[in-house]
2 protein chains.
Amino acid sequence: MRAHNFGAGPCALPLDVLEEVAAELTDFNGTGMSLLELSHRSKDYEAVHMGTIETLRRVAAVPDGFDILFIQGGATMQFAMVPINLLAPSERAGVIVSGSWGKKALSDGSKHGHLVAAWDGVATGYTTMPAADELGIDADWRYLHVTTNETIGGIRMVDFPETDVPLVADMSSDYLARPIEWDRYDLVYGGVQKNLAPAGMAVVFVRKSVAASPANDAANYLRYDFHANSSSLGNTPPMFPIYVMGKVLERLEERGGVAALEERSAAKAGAVYEVIDDSDGFYRSPVDPAVRSQMNVVFRLPTEELEANFVATAAENNLIGLKGHRSVGGCRASLYAALEMDSVEALVSFMEEFRAGH
Amino acid sequence: MRAHNFGAGPCALPLDVLEEVAAELTDFNGTGMSLLELSHRSKDYEAVHMGTIETLRRVAAVPDGFDILFIQGGATMQFAMVPINLLAPSERAGVIVSGSWGKKALSDGSKHGHLVAAWDGVATGYTTMPAADELGIDADWRYLHVTTNETIGGIRMVDFPETDVPLVADMSSDYLARPIEWDRYDLVYGGVQKNLAPAGMAVVFVRKSVAASPANDAANYLRYDFHANSSSLGNTPPMFPIYVMGKVLERLEERGGVAALEERSAAKAGAVYEVIDDSDGFYRSPVDPAVRSQMNVVFRLPTEELEANFVATAAENNLIGLKGHRSVGGCRASLYAALEMDSVEALVSFMEEFRAGH
């Protein structure tokens with residue numbers, strides 16, 4: 001029986017994609033080889049690779065002025081690469097610290113450039129995003145780094161900062177689940193393992209003029225221009241995630257693209273928040289209602305014992321991955337792109353039954 | 001029909017591994033999910049991850065004093081990470097430039113530390129390795145970087161430099177096809193996509209004391225201690241290559257491990273070199289016979305037209321990937337671990353027939 005996968009990532013992939021991958025695994029496209037065995041310079045692989053880039057450009061409406069790069073190391077690697085490539089030694093940039101990912105973007109990135117916290121949500125336990133008048137943005141900053149969704153805290157950036165400073169966004173956990181206002185960004189990145197593909201790389205959208213003029217010298221793998229000039233084929237690329245992502249994106253496009261995924265995400269999250277809000281305090285959302293995440297619904301029960309019971313009983317009912325992050329406790333239902341409404345309905349029913357039984 | 005895959009990488013994987021992966025792809029271990037969908041913190045994935053590390057330690061006879069790390073970005077990423085972690089600003093290190101990979105280790109690494117060419121094979125077109133008396137090694141060097149096998153030139157390091165300077169080796173293209181003399185090394189690395197797994201990471205063996213004291217400050221993903229302290233689970237690891245590699249290593253172990261693979265590799269390469277040497281000059285090996293690669297057999301035919309004809313006719317006969325690297329031309333038969341003797345026999349027969357027909 002297929003599990004209802006509420007894990008925070010890696011996460012569910014469309015079942016028909018998995019079935020297609022399995023069917024093609026020993027012989028891709030009549031080559032007599034697995035895609036895993038193809039040369040990355042072969043015509044068959046190149047068609048997959050360039051096809052995935054093209055589909056991504058269409059689905060995310062990526063303007064011509066942006067390169068689309070596949071870079072290994074996930075978002076964690078981008079914490080280093082962004083300042084290495086964008087921030088000259090004489091410059092500074094700001095980071096909105098909205099949770100654990102923003103914290104890492106600041107601390108990791110500070111090893112490679114002068115970063116400043118534009119705001120830090122520590123005082124409220126990272127349960128909200130900054131109001132416009134709380135942000136201290138210096139017009140001289142090279143960029144302002146935002147995290148569009150914090151997976152652990154369970155909050156999303158709804159209103160983006162009003163500033164002329166170019167934005168850089170980590171969108172790992174709501175990638176392509178919302179439109180990207182391209183003219184505000186110099187760079188958008190995210191690990192693919194939540195909404196798009198198996199773990200093993202980040203997709204980086206970078207303004208071509210930015211990629212072409214790195215702020216610091218560095219070895220090839222750490223340079224956006226290396227990846228841009230080679231269409232991410234400068235060394236052996238992570239062929240498998242690229243191939244699977246191509247299939248996932250085709251499904252996404254068939255189902256209405258980013259706008260439709262955004263609607264589905266809002267509907268899925270809305271159903272869970274509704275159970276929480278209608279539970280007379282049995283379930284409780286600890287975050288600012290205005291910035292509730294549509295990807296990671298964080299909630300508490302009256303006691304930690306009940307929370308442990310809830311997670312365990314849910315797992316017995318095939319609802320997997322509902323334990324909150326170890327750093328904050330509680331429960332969390334992650335509702336990434338490939339998690340369908342029937343899984344949400346199963347969760348909603350279970351939550352209602354569990355509440356009735358306790 | 002299964003192709004005979006002589007590609008230079010990514011390369012063949014054992015067919016029974018591919019079949020097992022395909023069979024497990026939609027439901028791993030009764031979880032109701034694909035391995036691709038599991039949390040990297042789940043018990044099921046953790047067993048795979050730690051199991052692969054343990055198998056690797058056994059198969060490669062890795063001493064306790066070394067960490068085993070899985071790091072994305074392939075060998076190209078290691079060209080940066082080695083000097084960042086091992087080479088303080090006041091120190092220098094040497095690089096043996098034995099071909100295109102040695103060249104990249106030097107040029108890329110030089111962006112992050114003071115590297116010096118210990119020898120450069122450019123004068124002989126990278127067709128041989130340095131003799132002992134040709135090497136200029138400074139006893140003060142922090143390390144000496146060697147490439148154990150050059151895939152494009154088709155040469156291998158047979159005798160390692162005699163020096164007290166710790167060695168660092170790029171073994172991408174003959175990984176686990178020869179024993180590693182651990183006490184001579186501070187670090188051994190290689191992309192996995194030739195002998196071990198699908199593309200998407202390097203395996204890095206690093207002396208624990210070296211990993212624990214990085215020579216420079218850097219963001220987490222660029223630090224060996226980050227990966228070492230988390231058993232390569234500090235961020236979402238490349239789960240799929242790690243999982244497949246576990247299966248490949250089990251097969252390798254069942255078939256006698258590194259020593260047996262070394263013997264099989266010598267036998268496979270020996271059979272192809274024999275056809276070359278017995279061809280009355282029709283086939284010609286351009287490299288120093290003393291350092292002929294056992295992984296990449298490079299050879300020429302009398303004319304470029306014949307070479308093109310050879311490669312095309314071979315492909316019609318299901319012998320794939322025999323074209324030499326675009327930078328040097330000619331032909332190349334790569335004989336990585338999962339390429340079996342029946343493929344070599346098919347190649348040998350074809351080479352004899354082709355010669356007889358021309």
Handout entry: Cβ-Cβ under 6 Å pairs, at least 6 apart or on other chains, the stretch B:186-205 side basic (Lys, Arg), far side at pLDDT 95 or above
Key = B:LYS194/B:SER173; B:LYS194/B:TYR336
Handout entry: Residue, farthest from the other protein chains (Cβ to nearest Cβ), within the stretch A:72-92, restricted to residues that are part of a loop (DSSP other than H, G, I, E, B) and not aliphatic (A, V, I, L, M)
Key = A:SER90
Practice task
Can you run down the residue pairs with Cβ atoms below 8 Å, 6 or more apart or on separate chains, where the first is in the stretch A:5-19 and more than 14 Å from A:LEU196 (Cα to Cα) and the partner is aliphatic (A, V, I, L, M) and at pLDDT below 95?
Solution key: A:ASN5/A:ALA12
Practice task
Being under 23 Å from A:GLY191 (Cα atoms) and either touching a Gly at 6+ places or on another chain (Cβ under 9 Å) or within 7 Å of another protein chain (Cβ to nearest Cβ) (or both) is the filter here, so list the residues in the stretch A:23-38 that pass it.
Solution key: A:LEU36
Exercise for the section: Kindly check whether there is at least one residue in the stretch A:174-192 that is among the small types (Gly, Ala, Ser), within 25 Å of A:HIS40 (Cβ to Cβ) and within 20 Å of the chain's Cα centre (by Cα). Expected result: yes
Problem - One residue from B:GLU20, B:GLU37, B:GLU46 being modelled with pLDDT of 95 or more, in the same structural domain as B:THR151 (by TED's automatic domain parsing), among the charged types (D, E, K, R) and surrounded by 24 or more Cβ atoms within 10 Å (Cβ to Cβ) - result: B:GLU37
Problem - Selection status of A:GLU162, free of Cβ contacts under 8 Å to residues at least 60 places away in the same chain, more than 16 Å from A:ILE96 (Cα to Cα), assigned by TED's automatic domain parsing to the domain that holds A:SER107 and within 23 Å of the chain's Cα centre (by Cα) - result: no
Exercise for the section: Filter the stretch A:144-155 down to residues that are touching a helix residue (DSSP H, G or I) at 6+ places or on another chain (Cβ under 6 Å) and farther than 18 Å from A:THR76 by Cβ, then give me how many there are. Expected result: 1
Practice task
Name the residue, out of B:VAL95, B:VAL116, B:VAL62, B:VAL122, that is surrounded by fewer than 23 Cβ atoms within 10 Å (Cβ to Cβ), in a strand (DSSP E or B) and either outside the structural domain of B:TYR143 (by TED's automatic domain parsing) or out of contact with any Cys (no Cβ under 6 Å at 6 or more places or on another chain) (or both).
Solution key: B:VAL116
Exercise for the section: Give the residue, chosen from B:ALA267, B:ALA260, B:ALA202, that is crowded, with 19+ Cβ neighbours inside 10 Å and within 19 Å of the chain's Cα centre (by Cα). Expected result: B:ALA202
Exercise for the section: Enumerate the helices (runs of 4 or more DSSP H) found wholly within the stretch B:212-279, keeping only those where 3 or more residues are among the β-branched types (Val, Ile, Thr). Expected result: B:239-254, B:257-277
Handout entry: Any hit, the stretch A:272-289, residues being among the basic types (Lys, Arg), surrounded by fewer than 22 Cβ atoms within 10 Å (Cβ to Cβ) and outside the structural domain of A:ASP67 (by TED's automatic domain parsing)
Key = yes
Handout entry: Out of B:PRO63, B:PRO83, sole residue that is at pLDDT 95 or above and farther than 30 Å from A:PHE240 by Cα
Key = B:PRO63
Problem - Residue identified as assigned to a helix (DSSP H, G or I) and over 24 Å from the mean Cα position of the chain (by Cα) among A:ASP133, A:ASP108 - result: A:ASP133
Practice task
Hey, could you check the stretch A:221-275 for residues that are under 22 Å from B:GLU37 (Cα atoms) and of a type in the set (Lys, Arg) and say which is nearest to the other protein chains (Cβ to nearest Cβ)?
Solution key: A:LYS247
Practice task
For the stretch B:307-347, enumerate the residues that are in a helix (DSSP H, G or I) and surrounded by fewer than 18 Cβ atoms within 10 Å (Cβ to Cβ).
Solution key: B:ALA308, B:ASN309, B:ALA312, B:THR313, B:ALA315, B:GLU316, B:MET341, B:ASP342, B:GLU345, B:ALA346
Exercise for the section: From (1) in a helix (DSSP H, G or I); (2) over 20 Å from B:LYS111 (Cα atoms); (3) in contact with a His (Cβ under 7 Å, 6 or more places away or on another chain), pick out the condition that doesn't hold for B:LEU69. Expected result: (1)
Exercise for the section: Please state which of the following conditions B:THR26 fails to meet, knowing it meets all the rest: (1) loosely packed, with under 15 Cβ neighbours inside 10 Å; (2) without any contact (Cβ under 8 Å) to a residue 12 or more places away in the chain; (3) in contact with a Leu (Cβ under 9 Å, 6 or more places away or on another chain); (4) not in a helix (DSSP H, G or I). Expected result: (1)
Exercise for the section: Take the residues in the stretch B:1-22 that are more than 8 Å from chain A (Cβ to nearest Cβ) and part of a helix (DSSP H, G or I), then tell me which one is nearest to the chain's Cα centre (by Cα). Expected result: B:VAL17
Exercise for the section: Would you point out the residue of the stretch B:302-323, among those that are under 25 Å from B:ARG156 (Cα atoms) and without any contact (Cβ under 8 Å) to a residue 40 or more places away in the chain, that is nearest to the other protein chains (Cβ to nearest Cβ)? Expected result: B:LYS323
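The values are calculated or read from the model by the stated rules, or taken from the named source; none is laboratory data. Just so it is clear, the model here is predicted, and its values are computed rather than measured. So basically every Cβ, Gly included, is an ideal-geometry build from the backbone, and we count neighbours across all protein chains shown.
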